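Working notes, beginning with the structure itself.
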Amino acid sequence: MSKEPGVKTDAESSPEELVRVRVPKRNEGEMFGVIVQMLGFDRVRVRCEDGEVRVGRIPGRMKKRVWMRIGDTVLVVPWDFQSDQKCDVIWRYKDNELDWLKKRGILKMF
């Protein structure tokens, strides 16, 4: 019997889907942040989990592909110099990824 590609039967589909989530690499300085203000010219103001409010730069590879709004949870990397003032935004989390992080205890609201 031939099976159509891409069609799952009830036995194959699981109630909990596999979710691949990017977690911060603490040894490289990555941390969670929440966008609090859009500044324009590909810049945002981010409240980071260490308590600092930094100006985050959205890199060119994310500008048009990943739209960001106020209240989005992002992954940031502070700069080597001016680390308490500036950072790069490297990832934006979707709702299902945030749920997974909260369920596992990785994301603690700050």
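The values are calculated or read from the model by the stated rules, or taken from the named source; none is laboratory data. Just so we're clear, the structure is a prediction, and the values are computed from it rather than from any experiment. Neighbour counts run over all protein chains shown; Cβ positions are idealised from the backbone, glycine included.
Key figures
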{"item": "Extreme residue, farthest from the chain's Cα centre (by Cα), among residues of the range 78-88 that are hydrophobic (A, V, I, L, M, F, W, C) and surrounded by fewer than 19 Cβ atoms within 10 Å (Cβ to Cβ)", "result": "81"}
{"item": "Flag if residue 107 is surrounded by 18 or more Cβ atoms within 10 Å (Cβ to Cβ), at pLDDT below 90 and on the phi < 0 side of the Ramachandran plot", "result": "yes"}
{"item": "Criterion (of a type in the set (Gly, Ala, Ser), without any contact (Cβ under 8 Å) to a residue 60 or more places away in the chain and assigned to a strand (DSSP E or B)) met by exactly one of 56, 71", "result": "56"}
{"item": "Qualifying positions in the range 25-40 - within 19 Å of residue 101 (Cβ to Cβ) and either in a strand (DSSP E or B) or without any contact (Cβ under 8 Å) to a residue 40 or more places away in the chain (or both)", "result": "25, 26, 27, 31, 32, 33, 34, 35"}
{"item": "Of residues in the range 74-103 being of a type outside the set (A, V, I, L, M, F, W, C) and assigned to a helix (DSSP H, G or I), the one nearest to residue 21 (Cα to Cα)", "result": "97"}
{"item": "Unique residue being surrounded by fewer than 10 Cβ atoms within 10 Å (Cβ to Cβ) and either modelled with pLDDT of 95 or more or not polar (S, T, N, Q) (or both) when the list is 41, 32", "result": "41"}
{"item": "Test for residue 58: is it more than 16 Å from residue 109 (Cβ to Cβ), surrounded by fewer than 13 Cβ atoms within 10 Å (Cβ to Cβ) and among the β-branched types (Val, Ile, Thr)", "result": "no"}
{"item": "Any hit, the range 66-74, residues being of a type in the set (Phe, Trp, Tyr) and touching a helix residue (DSSP H, G or I) at 6+ places or on another chain (Cβ under 8 Å)", "result": "no"}
